[in-house]
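Here is the structure we will look at, set down as structure tokens.
The values are calculated or read from the model by the stated rules, or taken from the named source; none is laboratory data. Note that this is a predicted model, so its numbers are computed, not measured. In this analysis, Cβ positions are derived from the backbone assuming ideal geometry, glycine residues included, and neighbour counts consider all displayed protein chains. Remember, those area values only see protein heavy atoms, side chains included, never the ligands or the DNA or RNA. Shrake-Rupley method; radii C 1.70, N 1.55, O 1.52, S 1.80 Å.
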Amino acid sequence: MDMIEGSAVSGLDVRHPGDAGFDEARTVWNAMVDHRPALVVRCRSAADVVSALALARRQGLEVGVRCGGHSVVGHGVPEGGLMVDLTPMGAVRVDPERKRAWVQGGALLGALDAATQPHGLATTAGNVSHTGVGGLTLGGGMGWLARQYGLACDNVVSYEVVTAAGDVLRASADERPELFWALRGGGGNFGVVTEFEFRLHDVGTRALSVELDFPVGDAAPAVARWRDLSALAPRAATYTAGVHDGVVALGFVWVGDPGEGRAHAAGLESLGAPLDRRIEELSYLDLQTREDSERGHAVRRYWKGHYVRELPPAAIEALLATEPGARASLQAYGGAIADVPGDEAAFSQRDTRFEYVVATGWTDPDEDTARMAAARASAARLEPFASGVYVNVLGDDGADGVRRAYPPAKLARLAAVKAAYDPDNVFHLNQNIPPA
């Protein structure tokens, strides 16, 4: 049976090279990625995902799963394989009385926020609205609400999962608890999640952003004071720092009453006299979209990351030495993230103080080598102070990166779950955990 006959029998929405929508489907959030699948299957239900996986087995095709397309190395787009495209599955259903949201596996964060905010509700989501809920949540899910309510994965009540064998399963704390444990931070290794059930929280609709700029050459004392203040911050505040173009921006994001946030901002006066200050009241929806990139799919991208438990003076100096052309950032953890016992979920490094990411974006292919080298050199300066890495910022790190993301005991446990649900490692186009 050839591919066209197989797709017709299955009744799937299959796109081949040259078909309308094929190139759009294979385009991801990094213009360096130019993979060409043999087939794109646009799935509208769990049953479609089952059929797509069966088609891949019949044709002997490698499987990739696309949600938001934010994998920097394009894992969701298999070269010469079958891409399970979840983007048609973008619906969000909200029960404001029960404070629950049911989110299809292809939904973007913006759809989740748009559905919950009319009720003054939200759950932890990332900082870019066109990120996929699936990829973010399966890796853990850091966002502006995490210090108050935990990571995105901490707020999942249940998952609907299609396994490599084509079974449609439910995983929760009471039903298949070991799979539930693994899905909370273990990435896309165990199946295709077609629906998430989230807890929602009364967060209101308002937020505050505070940033003070300092010249990078004189910023070390200000960064040290910012670090100390972050350790004492209320959970509504997520402290942030950024280094770019000779300027260090220090401040925090506050989700809640802006007046309370402004009162807390008074403590930043101890950082010294800034070059500039930006204090902005904005809606939660505006906060969640302000880092969106209109040219996202046209920009070439690269990044590296670390978790940092401490920020001694030498680490601060390394941060301030970020290479030209790269942008480094720190985002504070703690609060509700650290409240969850370390063995309760696959997600690791809950005792980290900061997540560090250095990123760069450009459009000229001739700059590829220099831009990636700048990010790598900047990250290498921080590496002596690193305790691990967030699996969602891994790119071309391979097995070494996965070992940095999970301690050995967790990695062994994840490998055992992998062996139970994907013994043939069908879902290996990810930050892969091979089956035990």
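What residue, of ALA182, ALA222, ALA263, is part of a helix (DSSP H, G or I) and free of Cβ contacts under 8 Å to residues at least 12 places away in the same chain?
After applying the criteria, what remains is ALA263.
Take the range 266-289 and flag every residue that is small (Gly, Ala, Ser), touching a residue at least 12 places away in the same chain (Cβ under 8 Å) and either assigned to a loop (DSSP other than H, G, I, E, B) or closer than 18 Å to GLY242 by Cβ (or both).
If the condition is that a residue be small (Gly, Ala, Ser), touching a residue at least 12 places away in the same chain (Cβ under 8 Å) and either assigned to a loop (DSSP other than H, G, I, E, B) or closer than 18 Å to GLY242 by Cβ (or both), then GLY272 is the only one that fits.
Does the range 377-393 include one or more residues that are open to solvent by less than 50 Å² (accessible area, probe 1.4 Å), of a type in the set (Val, Ile, Thr) and either touching a Pro at 6+ places or on another chain (Cβ under 7 Å) or part of a helix (DSSP H, G or I) (or both)? First the steps, then the outcome.
Of all residues in the range 377-393, those open to solvent by less than 50 Å² (accessible area, probe 1.4 Å) come to 377-379, 382, 386-391, 393.
Filter again for of a type in the set (Val, Ile, Thr), leaving 389, 391, 393.
The next check asks that each one be either touching a Pro at 6+ places or on another chain (Cβ under 7 Å) or part of a helix (DSSP H, G or I) (or both); those that pass are 391, 393.
Yes, the conditions are met somewhere in the range 377-393.
Can TRP226 be described as open to solvent by less than 40 Å² (accessible area, probe 1.4 Å) and within 23 Å of the chain's Cα centre (by Cα)?
Details: open to solvent by less than 40 Å² (accessible area, probe 1.4 Å): yes; within 23 Å of the chain's Cα centre (by Cα): no.
Answer is no for this residue.
Taking the conditions exactly as written (within 24 Å of the chain's Cα centre (by Cα) and either at pLDDT below 95 or within 17 Å of ARG147 (Cα to Cα) (or both)), does ALA249 satisfy them or not? I'd like the intermediate steps shown before the answer.
On the way: within 24 Å of the chain's Cα centre (by Cα): yes; either at pLDDT below 95 or within 17 Å of ARG147 (Cα to Cα) (or both): no.
No, not satisfied.
Which condition number does ASP368 fail, the rest of (1) in a helix (DSSP H, G or I); (2) surrounded by 15 or more Cβ atoms within 10 Å (Cβ to Cβ); (3) charged (D, E, K, R) being met?
(2)
How many residues does the range 84-107 hold that are of a type in the set (Val, Ile, Thr) and either over 18 Å from GLU160 (Cα atoms) or open to solvent by less than 10 Å² (accessible area, probe 1.4 Å) (or both)?
2
How many of the residues making up the range 292-306 are hydroxyl-bearing (Ser, Thr, Tyr) and more than 16 Å from ALA375 (Cα to Cα)?
Quick first cut of the range 292-306, residues hydroxyl-bearing (Ser, Thr, Tyr) only: 293, 302.
Retained after the next criterion (residues that are more than 16 Å from ALA375 (Cα to Cα)): 293.
Number of matching residues: 1.
Is one or more of the residues making up the range 201-210 in a loop (DSSP other than H, G, I, E, B), closer than 29 Å to LEU275 by Cβ, open to solvent by 10 Å² or more (accessible area, probe 1.4 Å) and not aromatic (Phe, Trp, Tyr)?
Within the range 201-210 (the criterion being in a loop (DSSP other than H, G, I, E, B), closer than 29 Å to LEU275 by Cβ, open to solvent by 10 Å² or more (accessible area, probe 1.4 Å) and not aromatic (Phe, Trp, Tyr)), the answer is no, since none of the residues qualifies.
Taking into account only those residues within the range 108-121 that are among the small types (Gly, Ala, Ser) and touching a residue at least 40 places away in the same chain (Cβ under 8 Å), which is most open to solvent (accessible area, probe 1.4 Å)?
The qualifying residue most open to solvent (accessible area, probe 1.4 Å) is ALA114.
Please enumerate the residues belonging to the range 147-166 that are surrounded by fewer than 23 Cβ atoms within 10 Å (Cβ to Cβ), of a type in the set (Gly, Ala, Ser) and in a loop (DSSP other than H, G, I, E, B).
ALA164, ALA165, GLY166
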